[in-house]
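Encoded as structure tokens, the structure appears first; notes follow it.
The values are calculated or read from the model by the stated rules, or taken from the named source; none is laboratory data. This is a predicted model, so every value here is computed, not measured. When we count neighbours, we look across all protein chains shown, and the Cβ atoms used for this are built from the backbone with ideal geometry, even at glycine.
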Number of protein chains: 2
Amino acid sequence: MSSWKEVAQAKRASIRAAIPQKWLLSSVPSVQEQKDVTGKYIQQFLTEREIEITETDAVGIVAKTTTGAWKAREVTEAFCHRAALAHQLVNCLHEIFFEAAITDAQKLDDYYAKHNAPIGPLHGLPISLKDQFHVRGVETTMGYVGWINTFEGVKGTGKERVFESEMVRELRNLGAVLYVKTAVPHTLMHGETVNNVIGYCWNPKNRRLVCGGSSGGEGALIACRGAPIGLGTDIGGSIRVPSAFNGLYGIRPSVGRLPYEGMANAMQGQNSILSVVGPMGTSVGGLRLVMKAILTQKPWLHDPAVHEIPWRSEQEEAVLQLIKSSGKGRQLAFGVYRHDGVVRPLPPVRRALDIMVKTIEKLGHKVIDWVPPPHDYASEIALKTWIFDGGLDVHQSMGLASEPLDPAISTIYGSEPVREFQASEIAKVNVQIREYRKQYSDYWNSTAELTGTGEVVDAFIMPVTPFPAATPMDYPHYDYCTLVNLLDYPSIAIPVTISSKTLDPVDEKFVSLSGNPLDKKTFDVYDPEIFDGAFVGLQLVGRRLHEERLLALAEMLGDGIEGPK
Amino acid sequence: MSSWKEVAQAKRASIRAAIPQKWLLSSVPSVQEQKDVTGKYIQQFLTEREIEITETDAVGIVAKTTTGAWKAREVTEAFCHRAALAHQLVNCLHEIFFEAAITDAQKLDDYYAKHNAPIGPLHGLPISLKDQFHVRGVETTMGYVGWINTFEGVKGTGKERVFESEMVRELRNLGAVLYVKTAVPHTLMHGETVNNVIGYCWNPKNRRLVCGGSSGGEGALIACRGAPIGLGTDIGGSIRVPSAFNGLYGIRPSVGRLPYEGMANAMQGQNSILSVVGPMGTSVGGLRLVMKAILTQKPWLHDPAVHEIPWRSEQEEAVLQLIKSSGKGRQLAFGVYRHDGVVRPLPPVRRALDIMVKTIEKLGHKVIDWVPPPHDYASEIALKTWIFDGGLDVHQSMGLASEPLDPAISTIYGSEPVREFQASEIAKVNVQIREYRKQYSDYWNSTAELTGTGEVVDAFIMPVTPFPAATPMDYPHYDYCTLVNLLDYPSIAIPVTISSKTLDPVDEKFVSLSGNPLDKKTFDVYDPEIFDGAFVGLQLVGRRLHEERLLALAEMLGDGIEGPK
């Protein structure tokens, strides 16, 4: 029997082997030679036409492909090429299936030629998928060596390379083209993307920094413009963190809005805080396009966990009217949450918060301080749900190939399974979650007295993490994200600015917020030189199931921000 | 310290003491003297006006009270009187607060007099509440002796007799009058209603039979017309069983449709299969009235577990159009599920199924056999969720006053807590639930090929239990109900017929469906003489969150059934 290293090596080689010879780079520069591989750097390997296509956002692409102006095949080939380059530069892919994609794209072109109409609203749009989606023809490893040549770790199920996740079926119906699956940290429970198959996935904007996780391959790929849009998942920040670290928009919808049916996952059946699937991309319009399209497929008829809530244009429209009136009608009101009382955000994130506040005010709307029930209590509860099974699932999955767990993930799951939570202990956590949600909702209701608009706060702004894209192993503080998962609120990461050694100097002195050592550690690790040029994003959080309104608000803010981002 | 018997006795006396002297019966007949205490029997203690009021359904009542034709106070007093009689006859109440109700009703009348308009759509409508709702001024015992003079078993919380459940707040906003809380079996996990405080709650139509459970006090009270409508809860049939056993309509909505926030419950925090709240009453119109009214309160802003799904008139309207066309447009299609392969329904229930099929066909619509994934497997999973904590919560609650557990409930929970499920075992059950839901949904989708209407089945009919209202301790087969909870489908109990010793003779011979001893036991216990006159209901089950459509279909069927019911 092969060692895990041999199996992983063979898989890694097979991923690379799926890249056509013509797209292989003769060499990849070291980080010292080339920190930033996005933009001009990656463009040098592409034709002007390829650059034009791959730097168009999802909305722009379907405007062309659904009207016959661009061929699905040409668009697909351009993104395949750029994705192939991205993978060589930052290790962002787990599965490459360009040939199948190009065949699918050709069929779309044939369909268009015959009917003079697109097959659906996503006709010809390449969409990348986190390696939790099952797609026929390729496997799903989630970065586990032991899942190679299996179906979710089990051999001989008959589902291997055949079964497809529900959303894959819907995306195909809609005309999307699927061509790659993107890297994740093994276990998925990590804000960096590293596993024993592809190794480390770096941030393409600054290859000294992490790309985020767990939808880190998505983040890195889209930052390279190797995809216009992709689908990630989020149980504790896994869409928002890589979106923020890669200068992208990414939405974590509420549970039950988009179909998770038939996807691979870690810790299946933990249902106190559920992972959700959502799009990440270069524009809010792209996120809306994909969500709206999927909802036309009535996913609730095929995934019993999806609520029958179609896209509600009237809710979106109501917000758009307020946006158009620029505060001359009823002002919009935003809460701003500057820190969680535990870890103070670093200077670039604080500046991002200032930029966002100024943007809101410039647009004619209101900002109030957000003073909700304590977030650290919520995070404490949320983190319990991650260890209900004492790490059993994680260690079983790692044990399939006797491969080593990433050290950062070991800080959560140790080196072997420990005592599991009992039913009554889980029930207690569930009650705490329910009570906290109620308190938070009551707080939100109470803001009607504070906004001066006569209405409650429309959404609130907070950091995604207290730092911009981090250096590996340095920042295990997920509390700004986990809170949102506990509350099951929709949240959108919005790119705000870029870390700057001149604009974001080190604080003169450290004043601890909390006495928590993470606060001091965060302060100490900050080096304006290293972070210079890193993306900084924030999240905009809405009330449960308010995705339509939240997207409209995020677009207003994203468009309103001035300066590079 | 008092023994549990003394405490229970004092509480029982205090309930009785809350009945005004003028409404006390000098004696209650034995069951031999008077089996059926509904209808003519109970009417003898009421004025004609009181009979007129209390035998009007909820829709009829609000038609009068919201237009000023009837005074809220007069309506309230009539129902208080009849509820007081009902309790004396069948032990259906845990809390009586007539004075507060009459004061509230007077305020509503004053409001109407001042504004010449009702305060809300339920203005002056008396609504009874299962004893899980917290209402100021009275306590919530759920039949636990140890909860007397506490808040959910805990003393000194400051919430005792002050705190109100979210739905209570909404009902008050809407103009409803609250006046009684109704009996439940301790633990709530039983299809009969018995506890050490009020003893046994009997079926008013036949006091040899059970009233059902766990919302049994509701069922018995409404069967006596001591309430026009009430609110129960359902985790395994607890709305549908007492509705069927008492000749009522009762809806178990999907999770997240109506607010459960701030209610007492057993096994709080078990969240694999959730209890839901729903109305029970004498007409479908009444159920609709209450659901629709509650949704106007935007409960999702006050109970984070409620989905933002307002009443969808357009969905209701679409079904009403099909109903009006009587099969001349697109026919409606119904599945019929005659037995679960485990316990064959008794003759009255089989006859009810035949009646329903004939009704559907008479109305111009289609019936197909319903052949879904095996129900017994689903029930096996569902029942696991009841014992996740090894009975810890049940025994802790019973232990507060060292009171004995009802023998039937002991068959589930034993005499002391046993080993709890571990996180990984619960997770496995959760995965099984998710997979089963998917299979069932796929089966439902597949019926588009079978109905001949071009559409999937609109809803399916099945027994609520394999027997009509049962004799105590005889029928522990809940599978026909638990399936629905596992699937999270809405389901409405519909009164269909009345057991008849002439129409429903004993089968000539027993042929076991399954070899399961319950099948033979059910066959053996059936005695046409004993059951003669007992109500027989069936349930109509719809797709998840399709409450609007399902109510319209249930109304069509209920109205279409001929003969006594």
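Every residue, every condition in (1) more than 14 Å from every other protein chain (Cβ to nearest Cβ); (2) part of a loop (DSSP other than H, G, I, E, B), yes or no:
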| site | (1), (2) |
| --- | --- |
| B:Lys509 | yes, yes |
| B:Leu518 | yes, no |
| B:Lys521 | yes, no |
| B:Asp524 | yes, no |
| B:Leu540 | yes, no |
| B:Arg543 | no, yes |
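Can we say A:Pro372 is buried (at least 17 other Cβ atoms within 10 Å of the Cβ) and within 14 Å of another protein chain (Cβ to nearest Cβ)? It is true that A:Pro372 is buried (at least 17 other Cβ atoms within 10 Å of the Cβ) and within 14 Å of another protein chain (Cβ to nearest Cβ). Kindly check whether there is at least one residue in the range B:64-76 that is without any contact (Cβ under 8 Å) to a residue 24 or more places away in the chain and under 21 Å from B:Gly219 (Cα atoms). Checked against the condition, which is being without any contact (Cβ under 8 Å) to a residue 24 or more places away in the chain and under 21 Å from B:Gly219 (Cα atoms), the range B:64-76 yields no hits at all.
Note on the range B:437-447: residues that are at the interface with another protein chain (Cβ under 9 Å from one of its Cβ atoms) and among the hydroxyl-bearing types (Ser, Thr, Tyr) amount to 2. Would you confirm, using the coordinates I've provided, whether A:Leu231 is within 27 Å of A:Arg161 (Cβ to Cβ), assigned to a loop (DSSP other than H, G, I, E, B) and away from every other protein chain (no Cβ under 14 Å)? Answer is no for this residue.
Could you please find all residues in the range B:62-109 being part of a loop (DSSP other than H, G, I, E, B), within 22 Å of the chain's Cα centre (by Cα) and at negative phi?
Just the residues of the range B:62-109 that are part of a loop (DSSP other than H, G, I, E, B), to begin with: B:66-71, B:91-92, B:97.
In the following step, the residues that additionally are within 22 Å of the chain's Cα centre (by Cα) were identified as B:91-92, B:97.
B:Cys92, B:Phe97 - these are the residues of the range B:62-109 that are part of a loop (DSSP other than H, G, I, E, B), within 22 Å of the chain's Cα centre (by Cα) and at negative phi.
Per-residue answers, yes or no, for (1) aliphatic (A, V, I, L, M); (2) outside any loop (DSSP other than H, G, I, E, B); (3) out of contact with any His (no Cβ under 6 Å at 6 or more places or on another chain):
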position	(1), (2), (3)
A:Leu129	yes, yes, yes
A:Thr140	no, no, no
A:Asn149	no, no, yes
A:Thr157	no, no, yes
A:Glu160	no, no, yes
A:Phe163	no, no, no
A:Leu178	yes, yes, yes
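Within the range A:326-340, the set of residues being surrounded by fewer than 18 Cβ atoms within 10 Å (Cβ to Cβ) and either at pLDDT 95 or above or hydrophobic (A, V, I, L, M, F, W, C) (or both) comprises A:Arg338 only.
Filtered by the rule that a residue be away from chain A (no Cβ under 14 Å) and farther than 21 Å from B:Pro121 by Cβ, the range B:292-325 gives B:Val319, B:Gln321, B:Leu322, B:Ile323, B:Lys324, B:Ser325. Note on the range B:386-413: among residues that are among the small types (Gly, Ala, Ser) and closer than 18 Å to B:Ile426 by Cα, the one that is farthest from the chain's Cα centre (by Cα) is B:Gly390.
When the range B:138-195 is filtered for residues that are without any contact (Cβ under 8 Å) to a residue 24 or more places away in the chain and small (Gly, Ala, Ser), the ones remaining, listed by number, are B:Gly156, B:Gly158. Here the condition is being in contact with a strand residue (DSSP E or B) (Cβ under 7 Å, 6 or more places away or on another chain), crowded, with 16+ Cβ neighbours inside 10 Å and within 14 Å of chain A (Cβ to nearest Cβ); of B:Val457, B:Val429, B:Val464, it holds for B:Val457 alone.
Out of the range A:341-359, which residues are surrounded by 23 or more Cβ atoms within 10 Å (Cβ to Cβ) and either under 15 Å from A:Thr451 (Cα atoms) or in contact with a helix residue (DSSP H, G or I) (Cβ under 9 Å, 6 or more places away or on another chain) (or both)? Hits for the range A:341-359 are A:Val343, A:Arg344, A:Pro345, A:Leu346, A:Pro348, A:Met356.
Can B:Ala266 be described as within 30 Å of B:Gln432 (Cα to Cα), surrounded by fewer than 24 Cβ atoms within 10 Å (Cβ to Cβ) and within 14 Å of chain A (Cβ to nearest Cβ)? Yes: the conditions hold for B:Ala266. The single condition among (1) more than 30 Å from A:Leu287 (Cβ to Cβ); (2) within 14 Å of chain B (Cβ to nearest Cβ); (3) crowded, with 16+ Cβ neighbours inside 10 Å; (4) not polar (S, T, N, Q) that A:Leu486 does not meet is (1).
For the range A:1-43, a residue qualifies if it is exposed (fewer than 11 other Cβ atoms within 10 Å of the Cβ) and under 17 Å from A:Arg207 (Cα atoms), and the qualifying residues are A:Ser27, A:Ser30, A:Gln32, A:Glu33, A:Lys40.
Can you say whether A:Thr482 is among the polar types (S, T, N, Q) and in contact with an Asp or Glu (Cβ under 9 Å, 6 or more places away or on another chain), as far as the supplied structure shows? No; evaluated as a whole, the condition is false for this residue. Any residue at all in the range B:186-199 that's of a type outside the set (A, V, I, L, M, F, W, C) and in a strand (DSSP E or B)? Among the residues of the range B:186-199, at least one is of a type outside the set (A, V, I, L, M, F, W, C) and in a strand (DSSP E or B), which makes the answer yes.
Within the range A:405-425, one or more residues are among the hydrophobic types (A, V, I, L, M, F, W, C), within 14 Å of chain B (Cβ to nearest Cβ) and surrounded by fewer than 21 Cβ atoms within 10 Å (Cβ to Cβ). With respect to A:Ile229, is the statement that it is buried (at least 24 other Cβ atoms within 10 Å of the Cβ), farther than 23 Å from A:Tyr200 by Cβ and of a type in the set (Val, Ile, Thr) true? Judged against the criteria, A:Ile229 is a match. Being surrounded by 23 or more Cβ atoms within 10 Å (Cβ to Cβ), modelled with pLDDT of 95 or more, within 11 Å of chain A (Cβ to nearest Cβ) and part of a loop (DSSP other than H, G, I, E, B) is the requirement here; does B:Ser238 meet it? So B:Ser238 fails the test.
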